[in-house]
1. Of the residues that make up the range A:336-347, is at least one within 14 Å of another protein chain (Cβ to nearest Cβ) and surrounded by fewer than 24 Cβ atoms within 10 Å (Cβ to Cβ)?
2. Looking at B:Ser119 and the list (1) touching a Leu at 6+ places or on another chain (Cβ under 9 Å); (2) modelled with pLDDT under 95, which single condition is not satisfied?
3. Given the residues A:Gly419, A:Gly437, A:Gly432, which is the only one that is in a loop (DSSP other than H, G, I, E, B) and either within 14 Å of chain B (Cβ to nearest Cβ) or buried (at least 24 other Cβ atoms within 10 Å of the Cβ) (or both)?
4. Determine, yes or no, whether A:Thr325 is within 14 Å of chain B (Cβ to nearest Cβ) and among the β-branched types (Val, Ile, Thr).
5. Could you check A:Asp453 against (1) under 15 Å from A:Ala411 (Cα atoms); (2) without any contact (Cβ under 8 Å) to a residue 12 or more places away in the chain and say which number it fails?
6. What are the residues in the range B:103-115 that are within 14 Å of chain A (Cβ to nearest Cβ) and more than 25 Å from B:Glu173 (Cβ to Cβ), if any?
7. A:Lys551 versus (1) under 16 Å from A:Leu462 (Cα atoms); (2) modelled with pLDDT of 85 or more; (3) in a helix (DSSP H, G or I): which is the lone unmet condition?
8. Would you mention how many residues in the range B:77-92 are within 7 Å of chain A (Cβ to nearest Cβ) and free of Cβ contacts under 8 Å to residues at least 60 places away in the same chain?
Amino acid sequence: MGSRQLKNRQRDPPTLDEFKSRKTKSKDKKRDSNKKRSLETEGESKKQKKQKKDSKSDPVKEKKSKKPEPVTKEEEELPEVDYDALAKSSKALFDDEEEEDKNDDIISDDDLQDEFDLEQEYENEEEESDSQGIKWSDDDEYSDDDIEKLNMDNIEELSAKLDKRDKIIEEEAELELKEEHLQDKITDVLLKDEELEENEDLTTTRTRMLEIVKILENFSQLADPTKSRSQYTDRLLKDIVKYFGYTEFLAEKLFQLFSPTEAIEFFESNEVARPITIRTNTLKTKRRDLAQSLVNRGVNLQPIPGNWSKTGLQIFESSIPVGATPEYLSGQYILQAASSFLPCIALDPQEGERILDMASAPGGKTTYISAMMKNTGVVFANDFNAKRTKSLIANIHRLGCTNTIVCNYDAREFPKVIGGFDRILLDAPCTGTGVIGKDPNVKLNRTTKDFIDIPHLQKQLLLSAIDSVDSNSKTGGVIVYSTCSVAVEEDEAVIDYALRKRPNVKLVDTGLAIGKEAFTSYRGKKFHKSVSLARRYYPHAYNVDGFFVAKFVKTGPSKFDDNKSSAKEKEYMAQKELEVEGIINDDFAEFDDDEDEKYIEKSKKDSLKKKGINPKSKKSRSD
Amino acid sequence: MRQLTEDETQKVFEKLANYIGKNIKNLINKDHVFRLQKDRVYYVSKMIANYATSIARDNLMSLGICLGKFTKTGKFRLHVTSLQILAPLAKYKIWIKPNGEMPFLYGNHILKAHLSKVSDNVPEHVGIIVFNEKDIPLGFGVSSKSTNDIKNVDPTSIIVFRQSDIGEYLRDEDTLFA
């Protein structure tokens, strides 16, 4: 409904000439319109409103207030482009609605003409307004005379005039807003909560979101100069929370990672499931053979696009369950998200090496590593959760990986258990903000505490991983850190921490064909320059889960390498260290609530003032 | 984790010999060893077994390939995970038609109707490895009829009793790998 309202509104009133010529045709159309009106109840109600008003109020004033849209040349073009693009983009996002929209277009066109037929006084208004010098925004009119008139000499004068008109129109628009703000909610995107319709249509919300994004992208020209950027952002965040169902905290955290347009794309793509992908088990078969036998079973598939994986297949549709074919059970392939290939490719295991996978369940990456090594060497597959090792062991046996040792430790116990690995893969436990499409619970479950506790654990794990690698390894000395989260706290902040704590490692290129560079600075935090060598993956950019991959090489031994402290001791040390670390590096410092309270109060007052509300009056009301 | 005792070794080898007969000597070589961890028997390369000694007994969940487990009564039972070791060394084989694959993977015995081909000279009541027509091993069982007798039975009669099939990876994940 919202988009339809938008369309009705954005349609410019006809010029006088046009209008007259239409009138001659209108008698025929009137008959048809009776049918159409029954379809288009909304338009009808609008008409009735107008008729009522006409009878009530002074026609000239009424006309102005009803049509706040007609703007003068200078400004006119911007909103116009804005609406068109907006309509287009919303169509592109929701293809099913396209048909409807088209119908709406046609109907509303007739409807408008209809309106003019019914309201005879309208003609007079038009003439009056013309004589007053207010131009109706219509392309033809401008191309005819205004553009010719416009030249370098009089441009200043003209624009001044236009500004003046704008002002008047704006004021009128504001007046009108108060009268029927319900109809106008789309143009006025900055509604306060209490102004919102109680059961607002989600489409309306979406339209408004897209509109605000437009404004934010071109803030200096499109925004209402009396409003601040943060006001627009606040509104947008509230809409995102409502439309996509995130907690406010998480919505804001994710929103800050992207430009507004990209953020909306990100949120949109989290609503869509990623394509199912499988990985060929090269220990048992070849990709071509597997594809052939699956096609024979009625599976529609193709190699993963982008040519960065030689073993992946993407499944479009299948007449049989892909997780229960004889090929699956005999271990010829494993269901694995495309993003999970990336850390293994980055790890680049070589034959005969000793490799540790610190958090391995359910074994997709472990078996990939094992396959890359052609069952030579040793792969230690560790997982903290004993229950999850079941599926890990099942996958290892099903895929025929004979070179694995499955153990169940807190990964921080390494290198006490055993160290000196050639390569270590740390696919760290994370908040899962990259896989919201897979697990929508993340939207609501994640709290501030998670974004402190989990990175805290990740840092310890990464240090343990670094300490467990053999820097003298002839072929390796590599640590790959990956998460399925896009939050900076779990990605860049963690590897930056590791670089600070262990000067004997350096970041190297991941060797991955796709991916975006990681941030080297984020919201005032500066990371080490080399952090840009790590790679980020987003669902909207590559159609894989949100992911992060960083590859370290250990250049020399350190005193920590024969660290014999257990996980508990490490945790205790880390807690102690955190107190100092927080102050030095602003890395989740302790919060001083009393001190913060003052600043919060102050900024609240400031923001109220900006919105034109007297903070004191608000207080008294709430009391 | 420890080596098998003589008694245990005998029980394991008896079971294996059921399916691979004399080929069992291919399993015994310098590079590979049998190891007992908790109640399970693993067949694993010596190098890996040595590395596994650094993992505490409670924390070691699996190594190499699991052949099967000793039951509480002291008998040895082969698991489906041993299939990848048995299949290449199989003494007797049976191939089943595509329409028989799914019934077998759901845990049913093999009927004559699903028979594609079978090794010659399969006696009654011996271990036999089951393949599909693409030579993918699907499980193992015990023949109920000799090759000659199979010709004379009606299509709905059972020719191989199922003992283990790869469908167990889905059906018995909870108990198989605990």
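1. Initially, the range A:336-347 is screened for residues within 14 Å of another protein chain (Cβ to nearest Cβ), giving none.
No, that holds for no residue.
2. It fails just one condition, (1).
3. On the way: A:Gly437 fails: either within 14 Å of chain B (Cβ to nearest Cβ) or buried (at least 24 other Cβ atoms within 10 Å of the Cβ) (or both); A:Gly432 fails: either within 14 Å of chain B (Cβ to nearest Cβ) or buried (at least 24 other Cβ atoms within 10 Å of the Cβ) (or both).
Selected residue: A:Gly419, the only one of A:Gly419, A:Gly437, A:Gly432 that is in a loop (DSSP other than H, G, I, E, B) and either within 14 Å of chain B (Cβ to nearest Cβ) or buried (at least 24 other Cβ atoms within 10 Å of the Cβ) (or both).
4. Yes.
5. That leaves (1) as the condition not met.
6. Within the range B:103-115, just B:His114 meets the criteria.
7. It is condition (3) that A:Lys551 fails.
8. 1
The values are calculated or read from the model by the stated rules, or taken from the named source; none is laboratory data. Not measured: the values here are computed from a predicted model. Quick reminder, even Gly has a Cβ in these numbers, built from the backbone with ideal geometry, and neighbours come from all protein chains shown.
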